[in-house]
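Peer 1: Can you read through this structure? Questions will come right after.
The values are calculated or read from the model by the stated rules, or taken from the named source; none is laboratory data. Just so it is clear, the model here is predicted, and its values are computed rather than measured. Backbone-built Cβ (ideal geometry, glycine too); neighbour counts: all protein chains shown. Quick note on the areas: whole protein, heavy atoms, side chains included, nothing else; ligands and nucleic acids left out. Shrake-Rupley method; radii C 1.70, N 1.55, O 1.52, S 1.80 Å.
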Amino acid sequence: MDFLRIKNITKKYKINGDDYVILNNINYTFPSHGLVFIYGKSGSGKSTLLNLLLGIDEPSRGEICFRNHCLNNFTLEEKYSYYKNNISLLFQHYNLLENLSAFENVKLGCLFDEENIDENANKLFNKFNLNYLKSKEVKYLSGGEKQRIAFLRAIIKNPDILLADEPTGAIPRHTAIDLLDYLKEYSKEKLVIIVSHNHELLKEYADIILEINNGNIIEVLNNIDCKNPIKTINNQYIKTNSFKSLKSILFTRIKEDWIKNLLIILSTFFSYTFLILSVGFINGINITTNEDTKKTLLYNFAEISQETYQSVEASNLLLTKQVRPNKEILNSFLPTGVEIKENLSYFINPFSRVICQEEIVEDTLIYPYYLDNPFLIEYQKAHNIKLEGNSLFINDIFLQKLNLNQNEIIGKKINVSNDVDVFSKDYANNKTINDLASFNLEFIVAGVIEEFAFLNSPKIYYSYDYLYDYLSNCFLENHSAYFKRSYSCLDLLFNSDDASQFNMYSYWLNLNNISPEELNTIIDENDFKDGNLALTSEYLSIKESYSSLMNVFAKAFFIFTILSFVLVNIIIALTVLSSFLLKKKENAILLILGISYRDIFLLYFVQNLILIFLSLLVSFIFFKPIEILLNTIIFHFTKLNKMINVPFFSYFNLPLFLPVIMILVNLIVVFLSLILIFLIAKRISLKEELVDE
Ligand code: ADP
Ligand code: MG
């Protein structure tokens, strides 16, 4: 069996349509051991021959056979096996991984023999007295030192064939002699092929000397002792996964590209944080819409009226008229616990003057509170307040208008006064009785309600019962005289019909045990023969406009999030590409050392995986402080509390899906860009990457 045979090899290059024959139908059979020296002029085709023997270049014609197996017919697996077991190339310019230590570099030569790798490397360093270089990073070594480390890396797997391309070209003479001594020693059992254009020094060492000239190969000398048998041939394919041993490269790559990696981490971090926060925002909107909007004394306050229709003569039009609903009908369907109250706003209304510290507070809305308001009861407990009849509550917007702080306002007097014209018609006698009702109510501020502050205006809340009593004792002079009895403002209300302005065409309600939403649904579902009932709830209308506005925000936010996510994936894909391009040569070296495409692929994948998880980790550490900061800012401008509310403890609900999907998409992007790159990279010739400049 021939050990290594060149059979009718022709190699030509086509340049501008002309064929340049470099090697012209050459034949040679190499022995299984010995030092072969091939010389020839520069450009004669020495490197070309080595590349052919290594299998990173293909002949134009003919074949190269290793132990009767033709290199051209190697499967990918057989090729890895050839690199792992049988052949090594000692590069003229070393091709070491500059950022790894000498020891790590040497280990790269034999990654697949994981069990013995450290031991083997140590043995070599000892044998060649190079222990002092072990932990040094290769970039700090001298040329001669690099040469020796490259030599150790080439022989650590004990290859059957060791190729060396101009190994003495870049080093001083005494270093070259050292190296040749090593190679000579190695060639006693294995085949060493050295090519060089300088043959003076090498002649002394060679067992076989070949000359390449004009595309032909001529045997100048053959001193080989052919009786020396080959001891062992590495021909088992070692299937060990070499990925684990690539760890050192992995971490070096992450470290050495740290600026770029930091940028990836940062941009991914921003996109993750943005996503987490927008999930928090959408969640926060839901919470404020459902919970914070309830934080008002108006929650259990509503107004109910009835709309009746009147047809207009000789027309299809209907006139809508609002009237106070019949109390019996109301009682028949209102849930128990809902109290019907009189609408007192004819007397105290937005036209009333609200005076505090001798100044009129403009645009103040005035509402009643009921004593059993749950929000108020809670407030009383929390602030330890005892209510008097004239206790008044103000909201925070009202407080802002006063330029006082919360402690200063408590106990202060606020006057509410109004003059309203009232009249009654005595139809029997066709008489109208006019009166002027003047009020001046004095209230004491008992507390400041921090209300849900969306579209909010200054508000004050007085006790319904207090005003009720007040009005029942507020007598009208002309009415009393006319009807010859004490006639109060309330009497006016009671004696008016349901379509009178005094009752404001409606009743007030105290919703004790039912939410405004529920009551609204009940009213909507029922038909009333006298016209539809209509519930007016300040709380409901605020909630509605708030949630529709917030939905617009949420949608805009969502679009931005998607955009930033797409962007970050593009960034990831580009960085994957750039890290590949930067490491093209390094990958070629790894491939020629017998490391598979699969492992190199994994190396990139894990590298990016680590980056993505790092940014996720950073996002998880930082989103809370960012959330708090943003909430503080939002609160400062809008008085909305906890607008961003990341559902931290319910991560197994839907919101978690988004981050999980995001990570998956990121990984798929990395995976796909790598696959794409590797499909293209397979067509890139190793020869071009490894060529010595
Ligand atoms: P050397 O003996 O100096 O190592 P090489 O084997 O590197 O020579 O190159 C032999 C000849 O082939 C040179 O003339 C070189 O210019 C040419 N050559 C090498 N690679 C290519 C290529 N990819 N395309 C065209 N010509 C090439
Ligand atoms: Mg060359």
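Peer 1: For the Cα atoms of the chain, what angle does the longest principal axis make with the long axis of helix 538-582, in degrees from 0 to 90, nearest 10?
Peer 2: Roughly 10 degrees, rounded to the nearest 10.
Peer 1: I want to check the label-to-label distance for N407 and L563. Put each point 7 Å from Cα in the C-beta direction and report it in nm to one decimal.
Peer 2: 4.8
Peer 1: At 7 Å along Cα-to-Cβ for each site, give me the label-to-label distance between F637 and K381 in nm.
Peer 2: The two pseudo-label positions are separated by 3.7 nm.
Peer 1: Mind giving me the nanometre distance, one decimal, between the label points for N131 and I329, set 7 Å out from Cα along Cα→Cβ?
Peer 2: Output for this residue pair reads 10.6 nm.
Peer 1: Accessible area per residue, 1.4 Å probe, Å², for the chain: what's the number?
Peer 2: Dividing the accessible area of the chain by its residue count gives 49 Å².
Peer 1: Checking the a/c ratio against 1.5 first, then a/b against b/c, what shape does the Cα gyration tensor give for segment 1-73? Each step should come with its number before you reach the end.
Peer 2: Numbers: a/c = 2.38, a/b = 1.47, b/c = 1.62.
Cα axes put segment 1-73 in the oblate bin.
Peer 1: Cβ under 13 Å from N513's Cβ, N513 left aside: what net charge do those residues give with Lys, Arg +1 and Asp, Glu -1? Walk me through the intermediate numbers first.
Peer 2: On the way: positive: none; negative: E339, D372, E518.
Every neighbour counted, the sum reads -3.
Peer 1: With a 1.4 Å probe and all protein chains kept in place, how do H33, H199 rank by accessible area, largest first? All intermediate terms of the calculation are to be shown ahead of the outcome.
Peer 2: On the way: H33 15, H199 55 Å².
From most accessible down to least: H199, H33.
Peer 1: Further, regarding this structure: Nearest 20 debye, what's the magnitude of the dipole of segment 12-160 about its Cα centre given +1 on Lys and Arg Cβ and -1 on Asp and Glu Cβ?
Peer 2: Values: 18 positive and 17 negative charges, 105 e Å.
Using Cβ point charges on Lys, Arg, Asp and Glu, segment 12-160 gives about 500 debye.
Peer 1: If you take the charge dipole of the chain about its Cα centre, with +1 on Lys and Arg Cβ and -1 on Asp and Glu Cβ, which of Y20, V192, N131 is farthest toward its positive end?
Peer 2: The one lying farthest along the dipole's positive direction is V192.
Peer 1: Next question, about the same structure. How big is the accessible area of L581 in square angstrom, nearest 10, if you roll a 1.4 angstrom probe over the protein chains?
Peer 2: L581 has an accessible surface of roughly 100 Å² with all protein chains in place.
Peer 1: Taking 2.2 N^0.38 Å as the expected size of a compact globular protein, what ratio does the Cα radius of gyration of segment 339-496 give against it, to two decimals? Mind dumping the intermediate values first?
Peer 2: Values: Rg = 17.6 Å, N = 158, 2.2 N^0.38 = 15.1 Å.
For segment 339-496, the normalised Cα radius of gyration is 1.17.
Peer 1: Out of all DSSP beta bridges in the chain, what portion is antiparallel? Express it as a percent rounded to 5. Walk me through the numbers before you get to the answer.
Peer 2: Values: 67 of 97 bridges.
Counting only bridges with both partners in the chain, antiparallel ones make up about 70 percent.
Peer 1: Here is a follow-up. If you line up the long axis of helix 247-256 against the longest principal axis of the chain, both from Cα atoms, how many degrees apart are they, to the nearest 10?
Peer 2: Roughly 60 degrees between the two axes.
Peer 1: Let me ask another. Given 0.36 nm per residue, what is the gain on full extension from R61 to N456 after removing their alpha carbon distance, in nm?
Peer 2: Details: separation 395, 0.36 × 395 = 142.20 nm, distance 8.84 nm.
Here the answer is 133.4 nm.
Peer 1: Just to verify a number: what accessible area does K127 come out at with the full protein assembly present, 1.4 Å probe, Å² rounded to tens?
Peer 2: Probe radius 1.4 Å; accessible area of K127 about 140 Å².
Peer 1: State the extension gain, in nm to one decimal, for the chain segment bounded by F351 and A170, taking 0.36 nm per residue of separation less the distance between their alpha-carbons. Please report the intermediate quantities before stating the final value.
Peer 2: On the way: separation 181, 0.36 × 181 = 65.16 nm, distance 9.96 nm.
Going from the current span to full extension adds 55.2 nm.
Peer 1: From the cross-link list K555/K642; K11/K79; K134/K203, which pairs have alpha carbons spaced over 24 Å apart? Display every interim value, and only then the final one.
Peer 2: Numbers: K555/K642 19 Å; K11/K79 21 Å; K134/K203 32 Å.
Cα-Cα > 24 Å for K134/K203; rest within.
Peer 1: While we're looking at this one, here's another question. What shape does segment 285-331 take by its C-alpha gyration tensor, where a ≥ b ≥ c are the square roots of the eigenvalues and a/c under 1.5 counts as rounded, a/b above b/c as prolate, and the rest as oblate?
Peer 2: Numbers: a/c = 5.00, a/b = 2.15, b/c = 2.33.
Here segment 285-331 falls in the oblate category.
Peer 1: Between H199 and L676, what length in nm is gained on full extension when 0.36 nm per residue of separation is reduced by their alpha carbon distance? Mind dumping the intermediate values first?
Peer 2: Details: separation 477, 0.36 × 477 = 171.72 nm, distance 4.59 nm.
Roughly 167.1 nm would be gained on extension.
Peer 1: To continue, here is another question. Could you put H479, H93, H383, H636 in order of accessible surface area, largest first, with the 1.4 Å probe and the full protein assembly present? Mind showing how you got there, number by number?
Peer 2: Details: H479 0, H93 75, H383 95, H636 130 Å².
In descending accessible area the options line up as H636, H383, H93, H479.
Peer 1: Quick one: of K294/K413; K136/K247; K295/K381, which pairs are farther than 20 Å apart, Cα to Cα?
Peer 2: Values: K294/K413 28 Å; K136/K247 18 Å; K295/K381 15 Å.
Too far apart for the 20 Å limit: K294/K413.
Peer 1: Here is a follow-up. For Cα pairs less than 8 Å apart in space and 6+ apart in sequence, what is the mean separation divided by the residue count of segment 50-157, i.e. the relative contact order in percent?
Peer 2: Numbers: 100 pairs, mean separation 34.1, N = 108.
Relative CO of segment 50-157 lands at 32 percent.
Peer 1: Run the dipole for the chain about the Cα centre, Lys and Arg Cβ at +1, Asp and Glu Cβ at -1, nothing else charged, and hand back the magnitude in debye, nearest 20. If you can, show how the numbers build up before the last one.
Peer 2: On the way: 64 positive and 77 negative charges, 832 e Å.
Around 4000 debye, computed over the chain.
Peer 1: Quick one: how many Å² of W258 are accessible to a 1.4 Å probe, rounded to 10?
Peer 2: 150
Peer 1: Between A534 and R598, what is the FRET efficiency for a Förster distance of 56 Å, r being their Cβ-Cβ separation, to the nearest 0.05? Numbers along the way, then the final one.
Peer 2: Numbers: r = 72 Å, r/R0 = 1.29.
With a Förster radius of 56 Å, E is 0.20.
Peer 1: Hey, any idea what % of the chain's accessible area is carbon plus sulfur with a 1.4 Å probe?
Peer 2: On the way: 18980 of 34290 Å².
C and S fraction of accessible area: 55 percent.
Peer 1: For Y466, Y546, write out the residues from largest to smallest accessible area, computed with a 1.4 angstrom probe and no ligands counted. Before the final figure, lay out each step's value.
Peer 2: Details: Y466 65, Y546 0 Å².
Highest to lowest solvent-accessible surface, that is Y466, Y546.
Peer 1: Can you give me the relative contact order of the chain as a percent, contacts being Cα pairs under 8 Å and 6 or more apart?
Peer 2: On the way: 1091 pairs, mean separation 116.8, N = 693.
Relative contact order here is 17 percent.
Peer 1: With a ≥ b ≥ c the root eigenvalues of the C-alpha gyration tensor of the chain, is it rounded (a/c under 1.5), prolate (a/b larger than b/c) or oblate? Display every interim value, and only then the final one.
Peer 2: Values: a/c = 5.43, a/b = 3.95, b/c = 1.37.
Prolate shape, in that a/c is at least 1.5 and a/b is the bigger ratio.
Peer 1: For the chain, what is the mean residue ellipticity at 222 nm derived from helices alone (per DSSP H run of n ≥ 4: -39500 (n - 2.57); sum divided by total residues; nearest 500 deg cm²/dmol)?
Peer 2: Working: 22 runs with 297 residues, N = 693.
The helix-only estimate for the chain comes to -13500 deg cm²/dmol at 222 nm.
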